[in-house]
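**Q** Shown below is the structure under consideration.
The values are calculated or read from the model by the stated rules, or taken from the named source; none is laboratory data. A quick note: this is a predicted structure, and the numbers were derived from the prediction, not measured. Heads up, the Cβs are rebuilt from the backbone with ideal geometry, glycines too, and the neighbour counts pull from every protein chain shown.
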Amino acid sequence: MLRSQQIDIGSLEPMQLERQVGKAFFHYVFSPDPEDYCTGEMLAEIAKKLATFLSKCGGCFQTIYAVHITNTDTGELLDLPHIHFVVNNIDFINGTRLDLSEPVLYAMIEGFDQISRSYGLSAIKKWMD
């Protein structure tokens, strides 16, 4: 039996909300190695593939992303273009929470590595050594 608890989230600060209902999402940032050649178009393609991968990693999770290649204030290209991902913590098929156990985290890293290498970019693993 599913039970819902009504909470007035408008009056809660983010940390209070997290304590009341748990973490609602995960935020990840993907930044290619500054030594790697990566255009904005490449980063947009990579973002689509990584978002699809993240949405299926450990279940079925809603995922959104934003690609940042320019400074929003000046319009100049960023020294380190990057992608932000926000992944819903609740599986939209069965309602279970995203389990970020060690095996799932390593699977995520391996998936990111495979996609990165397919574009000639460095793997994430070298940053974890």
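**Q** Tell me which of these Gly59 doesn't satisfy, since it passes every other one: (1) over 17 Å from Tyr119 (Cβ atoms); (2) modelled with pLDDT of 90 or more.
**A** Evaluating Gly59 over (1) over 17 Å from Tyr119 (Cβ atoms); (2) modelled with pLDDT of 90 or more leaves (2) as the failure.
**Q** Check whether at least one residue in the range 35-50 is surrounded by 15 or more Cβ atoms within 10 Å (Cβ to Cβ), under 11 Å from Phe85 (Cα atoms) and not charged (D, E, K, R), and report yes or no.
**A** Yes, because at least one residue in the range 35-50 is surrounded by 15 or more Cβ atoms within 10 Å (Cβ to Cβ), under 11 Å from Phe85 (Cα atoms) and not charged (D, E, K, R).
**Q** Let me ask something additional. Looking at the range 42-56 only, could you name the residues that are at pLDDT 90 or above, out of contact with any helix residue (DSSP H, G or I) (no Cβ under 8 Å at 6 or more places or on another chain) and of a type outside the set (S, T, N, Q)?
**A** Met42, Leu43, Ala44, Glu45, Ala47, Lys48, Ala51
**Q** If you don't mind, there's one more thing I want to ask. Which pairs do you get when a residue that is more than 18 Å from Ala51 (Cβ to Cβ), found in the range 112-125, comes within reach of a residue that is β-branched (Val, Ile, Thr) and in a helix (DSSP H, G or I), reach meaning Cβ atoms under 9 angstrom, with the pair 6+ apart or on two chains?
**A** Ala123/Ile109; Lys125/Ile109
**Q** Can you name the residue in the range 36-52 that is within 16 Å of Ala66 (Cβ to Cβ) and without any contact (Cβ under 8 Å) to a residue 40 or more places away in the chain and, of all such residues, is nearest to the chain's Cα centre (by Cα)?
**A** Ala51
**Q** Looking at Phe85, Phe92, can you tell me which residue is buried (at least 16 other Cβ atoms within 10 Å of the Cβ) and either within 20 Å of Ala123 (Cα to Cα) or in contact with a Cys (Cβ under 8 Å, 6 or more places away or on another chain) (or both)?
**A** Phe85
**Q** Name the residues in the range 57-76 that are surrounded by 12 or more Cβ atoms within 10 Å (Cβ to Cβ) and over 11 Å from Phe30 (Cβ atoms), would you?
**A** Cys57, Gly58, Gly59, Cys60, Phe61, Gln62, Thr63, Ile64, Ile69, Thr70 - these are the residues of the range 57-76 that are surrounded by 12 or more Cβ atoms within 10 Å (Cβ to Cβ) and over 11 Å from Phe30 (Cβ atoms).
**Q** Another question, then. Of the residues Asp99, Asp79, Asp113, only one is surrounded by 13 or more Cβ atoms within 10 Å (Cβ to Cβ) and of a type in the set (Asp, Glu); which?
**A** Only one candidate passes the filter, namely Asp113.
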